[in-house]
Amino acid sequence: MIKKRNQFWTMIFAFVPGAGHMYNGFMKLGVSFMGLFFGFWAITLLLKIGTIGLLTPVIWFYAFFDCINRTFLDDEDFYSQEDDYLFNILSNDKDLEYIKSKKYIIGVILVFIGLFALWNNVFMGTIIKLINLPDIILNMIYTINHIVVQIIVAILIIWAGVILIKGKKE
């Protein structure tokens, strides 16, 4: 049940993504923010992919300021809001068709993340250490690995930007 609560406690709870929303009765929205934030955090830690971790502060700030802005709304505006999930992907057939049309891109991204995690954690983390190479060669391999990963991520970001620009013009 949505209920405007104490602003001080809402601000305190807002420091945990989704908790401030849940404190005020926006359960679906709060669970969405918590799941998104801690999901990205878990993926970053488990797969040791720090690049994805750059999204966690963005999610945290958005959740924090959304909660604070909702708390300081007038009573009429506050109670007129509906509790809904952050991403209501399956809300209609148009959204579902859009996701189905992008399944190739989503699949490529997931394969890339999986290969990166496998390379970084298994090959670079375990196999290279078992080979007993001299330190200078190990340092060269780690340096080359770091540079290659940066190049691949930069190319993917540029590619995504080009796709967004092309889509905008059409």
**Q.** Filter result for V31 (of a type in the set (V, I, T) and part of a helix (DSSP H, G or I))
**A.** yes
Q.
Given (1) at pLDDT below 90; (2) closer than 19 Å to V16 by Cβ; (3) not β-branched (V, I, T), identify the lone condition not met by D77.
A. (2)
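Residue by residue, here is whether (1) crowded, with 18+ Cβ neighbours inside 10 Å; (2) in contact (Cβ under 8 Å) with a residue 40 or more places away in the chain holds:
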{"residue": "W9", "(1), (2)": "no, no"}
{"residue": "A14", "(1), (2)": "yes, yes"}
{"residue": "Y23", "(1), (2)": "yes, no"}
{"residue": "V31", "(1), (2)": "no, yes"}
{"residue": "G35", "(1), (2)": "no, no"}
{"residue": "W41", "(1), (2)": "no, no"}
{"residue": "T44", "(1), (2)": "no, no"}
{"residue": "G50", "(1), (2)": "no, no"}
Q | Extreme residue, modelled with the highest pLDDT, among residues of the range 103-150 that are farther than 23 Å from L45 by Cα and surrounded by fewer than 11 Cβ atoms within 10 Å (Cβ to Cβ) | A | I136
(Q) Against the condition more than 17 Å from I49 (Cβ to Cβ), in a helix (DSSP H, G or I) and in contact (Cβ under 8 Å) with a residue 12 or more places away in the chain, how does I127 come out, does it pass? (A) no
Q | Where a residue in the range 130-145 is within 18 Å of W119 (Cα to Cα) and its partner, wherever it lies, is surrounded by 10 or more Cβ atoms within 10 Å (Cβ to Cβ) and among the charged types (D, E, K, R), with Cβ under 9 Å and at least six apart | A | L138/K129
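The values are calculated or read from the model by the stated rules, or taken from the named source; none is laboratory data. The shown structure was predicted, so the numbers you read here are calculated from the model rather than taken from an experiment. No Cβ is skipped: glycine too gets one built from the backbone with ideal geometry, and neighbour counts run over all protein chains shown.
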